[in-house]
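The values are calculated or read from the model by the stated rules, or taken from the named source; none is laboratory data. Bear in mind that the values here come from a model prediction, so they are computed numbers and not experimental data. As a convention, Cβ positions derive from the backbone with ideal geometry for all residues, glycine included, and neighbour counts pool all protein chains shown. Please note that ligands, DNA and RNA were not included when accessible areas were found on the heavy atoms of the full protein model with its side chains. Shrake-Rupley method; radii C 1.70, N 1.55, O 1.52, S 1.80 Å.
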Amino acid sequence: MAAVAQPRLSPAATEAALAALKQLLGDRFTTASAVREQHGRDESWAVPSPPDAVVFPRSTEEVVEIVKICAAHGLPIVPYGAGTSLEGHVTALQGGVSVDLMQMNQILKVNAEDLDVVVQPGVRRKQLNEYLRDTGLFFPIDPGADASIGGMVATRASGTNAVRYGTMRENVLALTVVMADGRVIRTSKRAKKSAAGYDLTRLFVGSEGTLGIITEITLRLYGIPEAMSSAICSFETLEGAVNTVIQTIQAGIPVARIELLDDVQVDAINKYSKLDMPVQNLLLLEFHGSEAGVAEQAEMVQAIAADHGGNNFQWTTKPEERAKLWQARHDAAYASKALRKGCEIMATDVCVPISRLAECILETKEDVVKTGLMAPLVGHVGDGNFHLAVVVDRNNPQEIEAIEAFNERLVHRALRMDGTCTGEHGIGRGKMKYLTAEHGEAVAVMRAIKKALDPDNLMNPGKIFSI
Ligand SMILES: Cc1cc2nc3c(=O)[nH]c(=O)nc-3n(C[C@H](O)[C@H](O)[C@H](O)COP(=O)(O)OP(=O)(O)OC[C@H]3O[C@@H](n4cnc5c(N)ncnc54)[C@H](O)[C@@H]3O)c2cc1C
């Protein structure tokens with residue numbers, strides 16, 4: 001992916017804007033090159049593009065003042081959470097200021113009786129669950145990285161638990177947002193449902209920093225289940241594993257997690273996380289419920305798996321064994337990267353209706369083999385969502401060309417099957433070219449919304465679509 005950074009303002013105009021920000025924030029404003037470099041990249045293979053400065057606000061009021069200064073000078077604004085996104089989301093393509101929200105990391109109020117919590121955007125998902133542990137409640141959305149809640153809202157993230165608990169779309173109740181002109185809005189109250197006007201909460205969930213800066217979030221919580229167990233089951237064929245998933249979902253078995261790892265991914269994880277799982281296609285499952293319910297669900301899935309050639313079904317309720325398995329799953333991308341020294345990962349994800357999952361995965365696997373890629377496959381397959389971590393040597397132009405062509409075929413395959421070009425990573429700048437193929441005329445409506453709310457295109461310019 002070529003670097004396309006083009007500063008929006010002249011050096012003198014940028015200097016004037018930065019001087020005003022420095023005056024506002026003192027030592028929470030920096031132009032240090034190491035900090036700018038760090039904020040100009042995410043975890044993708046997108047070419048980095050550093051901002052002119054980075055600021056660290058501590059309150060909604062400070063965010064308002066920052067936005068007003070930027071609006072007055074026309075300086076682009078790139079909101080920044082934990083920087084773990086995967087499609088070049090935080091690259092400062094037109095220069096400007098990176099607004100790092102990680103010092104706004106307070107858990108403001110747990111409403112245990114209502115099963116909700118109010119947090120600032122810099123709270124990380126693991127921090128939230130550690131804080132909640134003694135309340136008997138938890139927040140289920142778990143992208144592999146320890147992302148910020150603000151970033152998770154902005155990318156409409158999900159993870160291994162989405163098959164049971166939904167994604168950020170289902171679990172955000174309300175937001176406080178600083179708009180591009182400095183106005184502050186609250187999108188909703190705490191009521192579990194509302195029919196009052198347009199659903200602005202859902203508009204900002206997945207807006208990737210292009211519409212405003214999220215400074216407060218109300219999330220749904222869930223009771224920690226009485227019993228939890230994890231299971232693994234191996235399959236000689238990918239088809240057997242995927243058909244087990246499809247039948248499990250279609251039978252309405254309320255699995256909490258059902259993850260697919262192909263044999264290449266299992267091998268990588270074994271080496272990276274020092275495990276000894278059979279090097280075959282693998283389903284990794286979790287069941288939540290009562291003791292009896294969990295046992296019954298496991299038995300039903302075991303029977304379905306047996307019909308599709310599943311073997312070696314093992315399950316455990318021991319927390320430390322469960323934690324080890326799921327940590328290994330969350331480290332899958334790093335395990336893939338470790339397969340080839342000095343290489344990077346091109347992570348991509350698509351999602352299709354569950355009835356098309358087997359077809360999509362099998363065609364994709366055939367494509368991987370034919371193209372000769374090293375591309376472990378892993379997926380939150382209960383939702384029809386799967387990922388490839390294509391291991392790439394950035395210094396090899398032929399390899400990059402082959403991978404880009406492969407990604408394009410993958411996306412069009414998913415679209416042909418009534419799926420989406422991304423189930424959870426988002427568009428950023430990596431998948432912009434597919435948005436019109438997926439949404440057609442609806443992209444013009446998205447553009448109209450962007451222009452109405454951010455007429456000067458200050459907020460994270462160059463992402464989702466061009467203006
Ligand atoms: C190993 C690994 C595994 C992953 N697994 C998953 C997975 O299973 N599921 C999944 O969904 N994702 C996954 N991801 C991707 C990533 O973790 C998510 O996209 C995450 O939601 C990004 O959060 P962040 O805090 O890192 O945001 P950033 O990367 O900092 O920002 C992401 C986007 O959100 C915007 N943004 C950030 N904070 C705010 C705010 N307060 N207001 C407005 N805009 C804001 C930014 O401008 C940017 O456009 C994975 C990433 C890695 C590295």
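Hey, any hits in segment 91-99 for a residue that's under 24 Å from residue 287 (Cα atoms), assigned to a loop (DSSP other than H, G, I, E, B), within 14 Å of the ligand (Cβ to nearest atom) and among the β-branched types (Val, Ile, Thr)? Checked segment 91-99: no residue is under 24 Å from residue 287 (Cα atoms), assigned to a loop (DSSP other than H, G, I, E, B), within 14 Å of the ligand (Cβ to nearest atom) and among the β-branched types (Val, Ile, Thr).
Of the strands (runs of 3 or more DSSP E) lying entirely inside segment 205-288, the ones with 2 or more residues being at negative phi and under 21 Å from the mean Cα position of the chain (by Cα) are found at 212-220, 257-261. The residue pairs whose first member lies in segment 17-38 and is in a strand (DSSP E or B), whose second member is surrounded by 19 or more Cβ atoms within 10 Å (Cβ to Cβ), and whose beta carbons are closer than 6 Å, counting only pairs six or more residues apart or on different chains, are 29/21; 29/55; 30/54. Select, from 18, 24, the only residue that is more than 28 Å from the chain's Cα centre (by Cα), open to solvent by less than 20 Å² (accessible area, probe 1.4 Å) and either farther than 16 Å from residue 71 by Cβ or modelled with pLDDT of 95 or more (or both). Selected residue: 18, the only one of 18, 24 that is more than 28 Å from the chain's Cα centre (by Cα), open to solvent by less than 20 Å² (accessible area, probe 1.4 Å) and either farther than 16 Å from residue 71 by Cβ or modelled with pLDDT of 95 or more (or both).
Scanning segment 408-431 for residues that are assigned to a helix (DSSP H, G or I) and open to solvent by less than 20 Å² (accessible area, probe 1.4 Å) returns 410, 411, 413, 414.
Between 335, 298, the distinction of being assigned to a helix (DSSP H, G or I) and over 23 Å from residue 430 (Cβ atoms) belongs to 298 only. Among the candidates 59, 33, 49, the residue that is within 27 Å of residue 143 (Cβ to Cβ), at pLDDT 95 or above and over 24 Å from the mean Cα position of the chain (by Cα) is uniquely 59.
Among the residues of segment 325-347, the ones that are within 12 Å of the ligand (Cβ to nearest atom), out of contact with any strand residue (DSSP E or B) (no Cβ under 8 Å at 6 or more places or on another chain) and not polar (S, T, N, Q) come to 4 in all. Restricting attention to segment 405-420, does a residue exist that is among the hydrophobic types (A, V, I, L, M, F, W, C) and closer than 18 Å to residue 210 by Cβ? Scanning segment 405-420 turns up no residue that is among the hydrophobic types (A, V, I, L, M, F, W, C) and closer than 18 Å to residue 210 by Cβ. In segment 189-212, the qualifying residues are those that are among the small types (Gly, Ala, Ser) and within 14 Å of the ligand (Cβ to nearest atom), and the one that is surrounded by the fewest Cβ atoms within 10 Å (Cβ to Cβ) is 206. For beta carbons closer than 6 Å, sequence separation of 6+ or different chains, a first residue in segment 213-240 that is within 16 Å of the ligand (Cβ to nearest atom) and a second that is open to solvent by 50 Å² or more (accessible area, probe 1.4 Å), the qualifying pairs are 218/190.
How about segment 138-158: which of its residues are more than 11 Å from the ligand (Cβ to nearest atom) and surrounded by fewer than 21 Cβ atoms within 10 Å (Cβ to Cβ)?
138
Taken over segment 455-467, the criterion of being within 12 Å of the ligand (Cβ to nearest atom) and either over 23 Å from the mean Cα position of the chain (by Cα) or part of a loop (DSSP other than H, G, I, E, B) (or both) is satisfied by 460, 461, 462, 463, 464.
From the set of residues in segment 353-397 that are outside any loop (DSSP other than H, G, I, E, B) and among the polar types (S, T, N, Q), which is most open to solvent (accessible area, probe 1.4 Å)? Step by step, filter segment 353-397, then rank; the result is 355. In summary, helices (runs of 4 or more DSSP H) completely within segment 128-189 and bearing 2 or more residues that are touching a residue at least 40 places away in the same chain (Cβ under 8 Å) and in contact with an Asp or Glu (Cβ under 9 Å, 6 or more places away or on another chain) occur at 149-155, 162-165.
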